Amino acid sequence: MILWMNTEEMALGELLERLRTVTQSIDEIMELDSSPLHAVDITPDLKKQFAFLSGGRGDNGSPIIVFPEFPTFGEITDRVFHNVLTYLTSVPSLSSTGVGFILVIDRRQDRWAAVKGTLLRIAGSFPGNLQLVLVLRPTALLQRTLSDILFKFNKDEFKMKVPVIMLSSVTELHSYIERSQLTNELGGTQEYCHEKWISHRTAIEGFALTVKKTAQTLQSFGTELAETELPNEIQATIVLLSTHTNKKDKMKEDLLVALGQGRRLLESINEPVARDPDHNMNQDELENLATVQRLLSQLDETERAFDEFWVRHQTKLEQCLKLRHFEHNYKELRALLDQVSEKLAAFSEVGISQAHDEHVVCELTSYEEKVCEVLDRATALSREGDKLIENSHYAEDSIQPKCSELRAISESVSSSLKAKKDHLLKAMELHHCLQRACKWVDDGIYLLASQPVDKCQSHEGAELALQELERYLENAGPNQLTDLETVWKEYDAVLNQQFKDRVERISQKQASMQEMFDKRRVSLKKLAAKQTRPVQPVAPRPEAFIKSPLSSPAHRAQQEKNSSETDTGNNCEKGNGQLQNGDSNSRHASLSEEEENLAVLRKHVMNELLETERAYVEELLCVLQGYASEMDNPAMIILMPAPLQNKKEVLFGNMPEIYHFHKRTFLRELEQYTDCPELVGRCFIERMTDLQIYEKYCHNKPRSESLWRQCSDCAFFQECQKKLEHKLGLDSYLLKPVQRITKYQLLLKEMLKYSKGCEGTDDLQEALTSILGILKAVNDSMHLIAITGYEGNLSELGKLLMQGSFSVWTEHKKGHAKVKDLARFKPMQRHLFLHQKTLLFCKRREENGEGYEKAPSYSFKQSLNMSAVGITENAKGDNKKFEIWCNSREEVYIVQAPTTEVKTTWVNEIRKVLTTQLEACRASQQKAPDQVVQTPPASSGTISHSPFKTGQRSFKKGEEKKAEPCSPDVNSSSSSPKPTGKGSPTSLDHKTKRQSDPTPFGFKGWNKASLSLDASEENDGYSSTEEPLNSDHEDDSSKKLSAGKYTVMVDYENGGAQELPVKSGDMVELVREGDDGQWFVRNLSTSKEGWIASANLITLITKSKSCQSLTSSEGSGSGNISASSSCSETYASLSDIKP
């Protein structure tokens, strides 16, 4: 930098010195110091031509000034006279003027007075040196005589230091001056043009001034360039370079103009010679030519000096610009390298799971491209800096450290990237080992749990089971986890505390599994070594069979087959009591193993819950970081369409809240139950309020879905998906919270299945019920928010109990006549919402779009107050119909359900609401115990329910009965058997007496219901059939089943893939009852065997030796026992009670 500044100062000094020399030379050439006058200033005076330089010279080289005939010479002012003579005497060279001028005064046509006046004016004001004055006196006789006489007398008046010679003719003049030096007017041969002389003088002086001005301008410009401070910004440097270049170009243009002017002037002076090579120039012309040549030479010198300076200055500016670019790129790259370093440092070195590790490696691999790009740019910039230094850049001291720093940081980032990647790959390798080991252990535990205990009691069965275990252990190979010391040593670099804990857990799990294998092998070896006579093996109790979540239907069928085979052995137990007692120790050992298997299966479910929870948290984090955060990234905003901007809350809802709850709270609390999975229900119960945040997410899901479909093809989502390397789009991940909340109830069911009799069973059941309640609330609220046209407040209608779609006919009684509205025509399609206080009738609108956009809307049509309605359970003509009526049946709504099961559920729920109202009314009537509540008769074949009805009757055409008064708490009924057809031995008479008890069968509603957010059209809004809708406990207790033969009354095919299907009329045998509420059933008609839930059996069969028939009201597995007669039962509404 200092060297460059010194070079710059030297170049500037040299330029200024040259320009000063040029200026002085021009002044000397033009004699500007002695005569500041220019031809252009006195051109009018020169054109008078009262005096001129003819270009002639005397013998000694004296310039000749001619004063030609000029009649008005006396009228010329002294100033004009002085200026012209001053200018004329300044034109010849200093060497010529030093000798002195020769004046030739031509007054041949004038008088003596004119001669005297001219001599006196010249003597008084001639500015130069005089050598000789030659006067051509007047030629007239008188004037010539006077001139001779008077000149002699007045000679002293002229006061001239040089001789004044009076000449009579030009011939005498020729004796003093050669004719070649005189113009034609004086008898000479010299050519002279006064206009041309003035033009040349004006051009020469103008050119000289141009050259001088150009030199001065270049001098000022050079000083300006040298004194300009170099800017620190790229744009300012570019502007400065452009400005200086423009000025330089302007200077060059001026130089070219001046050079052109000089060359043209030179050609003009040389024109006579060019025209006539023999032409001899006079002395003044030769001096003019020399002057122009010298001026051109000075101008050329000036141009060369300036060009040299400009080259250095331009190089300096260009180097400055390159330096600014270098510094800018350096700052940018330094920031990128710092950013890359921070990003690399933020990458997790060890993932919490294999999937997380793979995800981090994918992200790191994807990010590696950007890192390599930054490193390549840094390397290129370092090379650029080296090149600048090689080209002798003035800022070498500043560039060199930056290049070294870039290389050092690049090497550090590259090393960090490689180390990070190697670290993650090592962690992935360990995750793979742990996954293989975990799978090997799980498969081993499943193998232990799936071995049939009954077959192991025999010698052959024990041998086969033992061989199976030995083969499994022999094939362990790389799947088995090595000892911990080896793992610690090999993977020491990647082991953090969490990783160590997982390795220890899997190692302990492997050790436990191997211990279980050892125990099983010891037991099997003992059984295989026992030499006993062939006997029928005693099977364990049916409840010892555990249904593993990993088992397939084939496994289940095989277990059921084994159970049926061992059950046959149970029939022989009466004759083999001693053998059974002899094997009691084996039985206890089997029970202990099954309890151990239950614990293993609970552990399986708990592991699945924890692993899926961790994966869920990771997926939420991935979505929030990869999509939600990118919506705030300024670099990504340009990729977002206008409808998507500022819509992050609409698209993601409260997903951040869900993520923070699961990450900070729920996952940590679930992990505390790792060793006691049967108690995990407490965690769900404690956090049930927090889990209600899913309702808010589901409510926002339609808006999110709509926004996604509107913008799903935009470049923003594609770029985010590309960065995350997701195979699925964002919509799949937005569905994760909905899928997760539904997954909990399935995991809780599995845990509850394997935790019966454990400490936390009640908590698990409560947690399951609460989760199902949340699902139902979410599902119902999704439908409620779609209701339009209702002017009241839906929250005032009480809790929403049920909702679903039905076909509805209306029937109104006007006066004494009944009018059925559209009864014989197409029914109205209505969606009913049953609240605690009100029943809403709505019309379901057309569904458009896809996904959540396909969600229906409901137009409100009518509402019924539940305190004013009654129901008739069976409507004539269809077992799927029931009636809802009010105002003493003045308004009747015939409702047809899609299935009989749906009808039964709705009737039971409405009966439950009416019963609650009846109990409330009874409590208010306790002060009047003597009041009798009567119920009106109902038509044959129907069962009607209404909370209360007193003093009124219900009539049907052609039939009428009186109701017997009875106490509200006493049931009275009469029946007579009557054959009803095939498959039903007996049926009660249609004629029955009414009962005041509103719940004749003690029905109290369902125990639980499993809700699905994606309800089908058939039962939209209605609970799915994952769990049965059971009858009241009192009803169940009064219908205990026992082993024996029964006849099936109703087809049963959709009870589940694992349950035995039966047909109406089949003869079945109940073999044995399990602890899980199921019976092992043998179908004697088809020779098939399997398990059926007890609650379903009650609705399906009747004992062949009895006279009862049990009819089913719910084919999906939920049943209620209908009375063995067709009862007529009516409940009056609250509004019909008479005071």
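The values are calculated or read from the model by the stated rules, or taken from the named source; none is laboratory data. Note that the structure is predicted; figures quoted are calculated from it, not measured. Backbone-built Cβ (ideal geometry, glycine too); neighbour counts: all protein chains shown. The area values use the complete protein model at the heavy-atom level, side chains included, leaving out ligands, DNA and RNA. Shrake-Rupley method; radii C 1.70, N 1.55, O 1.52, S 1.80 Å.
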**OP:** Answer with yes or no whether THR872 is open to solvent by 10 Å² or more (accessible area, probe 1.4 Å) and among the polar types (S, T, N, Q).
**Re:** no
Original post:
Assuming MET251 fulfils every condition listed in (1) surrounded by 14 or more Cβ atoms within 10 Å (Cβ to Cβ); (2) closer than 29 Å to LEU94 by Cα; (3) not β-branched (Val, Ile, Thr) apart from one, which condition is it?
Top reply: (2)
**OP:** Tell me, please, whether a residue that is at pLDDT 85 or above, in a loop (DSSP other than H, G, I, E, B), aromatic (Phe, Trp, Tyr) and open to solvent by 50 Å² or more (accessible area, probe 1.4 Å) can be found in region 181-196.
**Re:** yes
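Looking at region 321-333 only, could you name the residues that are within 13 Å of LEU381 (Cα to Cα), in contact (Cβ under 8 Å) with a residue 60 or more places away in the chain and open to solvent by less than 70 Å² (accessible area, probe 1.4 Å)? Give the steps one after another, and end with the answer.
Step one: list which residues in region 321-333 are within 13 Å of LEU381 (Cα to Cα), which gives 322-333.
From the residues that got through so far, the ones that are in contact (Cβ under 8 Å) with a residue 60 or more places away in the chain too are 322-328, 330, 333.
Once the filter is applied, which keeps residues that are within 13 Å of LEU381 (Cα to Cα), in contact (Cβ under 8 Å) with a residue 60 or more places away in the chain and open to solvent by less than 70 Å² (accessible area, probe 1.4 Å), region 321-333 yields LEU323, ARG324, PHE326, GLU327, TYR330, LEU333.
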Subject >> Which numbered condition ASP278 fails, given (1) of a type in the set (D, E, K, R); (2) assigned to a loop (DSSP other than H, G, I, E, B); (3) open to solvent by less than 50 Å² (accessible area, probe 1.4 Å) >> reply: (3)
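Are there any strands (runs of 3 or more DSSP E) wholly within region 859-909 with 3 or more residues that are of a type outside the set (Asp, Glu), touching a residue at least 12 places away in the same chain (Cβ under 8 Å) and touching a Gly at 6+ places or on another chain (Cβ under 9 Å), and if so which? It would help to see each step written out before you state the result.
Numbers: elements: 869-872, 881-886, 891-896.
Output list reads 881-886.
Considering each of PHE717, PHE684 in turn, give the residue that is more than 17 Å from LYS663 (Cα to Cα) and surrounded by 15 or more Cβ atoms within 10 Å (Cβ to Cβ). Spell out the reasoning first.
Values: PHE684 fails: more than 17 Å from LYS663 (Cα to Cα).
None of the others qualify; the one that does is PHE717.
Quick one: how many residues across region 165-180 are open to solvent by less than 20 Å² (accessible area, probe 1.4 Å) and touching a helix residue (DSSP H, G or I) at 6+ places or on another chain (Cβ under 7 Å)?
Here is the first cut: in region 165-180, the residues open to solvent by less than 20 Å² (accessible area, probe 1.4 Å) are 167, 173, 177.
If we keep only those that are touching a helix residue (DSSP H, G or I) at 6+ places or on another chain (Cβ under 7 Å) too, we end up with 167, 173.
Selection size over region 165-180: 2.
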**OP:** Restricting attention to helices (runs of 4 or more DSSP H) lying wholly within region 727-795, give those where 1 or more residues are more than 17 Å from PRO702 (Cα to Cα), without any contact (Cβ under 8 Å) to a residue 24 or more places away in the chain and open to solvent by less than 60 Å² (accessible area, probe 1.4 Å).
**Re:** 736-753, 761-784
Original post:
ILE894 versus (1) buried (at least 22 other Cβ atoms within 10 Å of the Cβ); (2) over 12 Å from GLU811 (Cβ atoms); (3) under 56 Å from the mean Cα position of the chain (by Cα): which is the lone unmet condition?
Top reply: (2)
Original post:
In region 118-132, which residues are open to solvent by 50 Å² or more (accessible area, probe 1.4 Å) and within 18 Å of ILE177 (Cβ to Cβ)?
Top reply: ASN129, GLN131
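So which of ALA427, ALA380, ALA449 is within 30 Å of VAL487 (Cβ to Cβ), open to solvent by 10 Å² or more (accessible area, probe 1.4 Å) and hydrophobic (A, V, I, L, M, F, W, C)?
Unique residue meeting the criteria: ALA449.
Identify all residues within region 667-681 that are surrounded by fewer than 20 Cβ atoms within 10 Å (Cβ to Cβ) and in a helix (DSSP H, G or I); write none if there are none. Explain how you work it out, then say what you get.
Initial filter on region 667-681 (surrounded by fewer than 20 Cβ atoms within 10 Å (Cβ to Cβ)): 667-669, 671-676, 679.
The answer is LEU667, ARG668, GLU669, GLU671, LEU679.
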Subject >> Filtered residues of region 903-916 (kept if crowded, with 22+ Cβ neighbours inside 10 Å and in contact with a Phe, Trp or Tyr (Cβ under 8 Å, 6 or more places away or on another chain)) >> reply: LYS903, THR905, TRP906, VAL907, ASN908, ARG911, LEU914
Original post:
Of all residues in region 210-245, how many are open to solvent by 60 Å² or more (accessible area, probe 1.4 Å) and in contact (Cβ under 8 Å) with a residue 12 or more places away in the chain?
Top reply: 4
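Kindly indicate which of GLN498, GLN510 is part of a helix (DSSP H, G or I) and surrounded by 15 or more Cβ atoms within 10 Å (Cβ to Cβ).
Working: GLN498 fails: surrounded by 15 or more Cβ atoms within 10 Å (Cβ to Cβ).
After ruling out the rest, the residue left standing is GLN510.
Among the residues that make up region 816-831, is at least one of them at pLDDT below 85, touching an Asp or Glu at 6+ places or on another chain (Cβ under 8 Å) and of a type in the set (Gly, Ala, Ser)?
First, the residues of region 816-831 that are at pLDDT below 85: 816-826.
With touching an Asp or Glu at 6+ places or on another chain (Cβ under 8 Å) added as a condition, the list becomes 818-821, 823.
Imposing the further condition that a residue be of a type in the set (Gly, Ala, Ser) reduces the set to 823.
Yes, region 816-831 contains at least one residue that is at pLDDT below 85, touching an Asp or Glu at 6+ places or on another chain (Cβ under 8 Å) and of a type in the set (Gly, Ala, Ser).
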Subject >> Residue within region 265-282 that is acidic (Asp, Glu), over 30 Å from GLU332 (Cβ atoms) and touching a residue at least 12 places away in the same chain (Cβ under 8 Å) present >> reply: no
Subject >> Number of positions in region 470-495 that are assigned to a helix (DSSP H, G or I), within 13 Å of ALA427 (Cα to Cα) and among the hydrophobic types (A, V, I, L, M, F, W, C) >> reply: 2
Subject >> region 1081-1098, subset open to solvent by 20 Å² or more (accessible area, probe 1.4 Å) and not hydrophobic (A, V, I, L, M, F, W, C), residue nearest to the chain's Cα centre (by Cα) >> reply: SER1094
Subject >> Failed item, numbered, when GLU229 is tested on (1) of a type in the set (Asp, Glu); (2) assigned to a loop (DSSP other than H, G, I, E, B); (3) under 30 Å from ASP376 (Cα atoms) >> reply: (3)
Original post:
Residues GLU460, GLU468, GLU485, GLU474: which one is of a type in the set (Asp, Glu), within 25 Å of LEU598 (Cβ to Cβ) and open to solvent by 60 Å² or more (accessible area, probe 1.4 Å)?
Top reply: GLU468
Subject >> Matching residues in region 1048-1071 - criterion: being open to solvent by 20 Å² or more (accessible area, probe 1.4 Å), outside any loop (DSSP other than H, G, I, E, B) and modelled with pLDDT under 80 >> reply: GLU1059
Original post:
modelled with pLDDT of 85 or more and either among the aliphatic types (A, V, I, L, M) or assigned to a helix (DSSP H, G or I) (or both), is that true of ALA462?
Top reply: no
Original post:
Is there a residue in region 604-614 that is part of a helix (DSSP H, G or I), closer than 30 Å to ALA449 by Cα and modelled with pLDDT under 85?
Top reply: yes
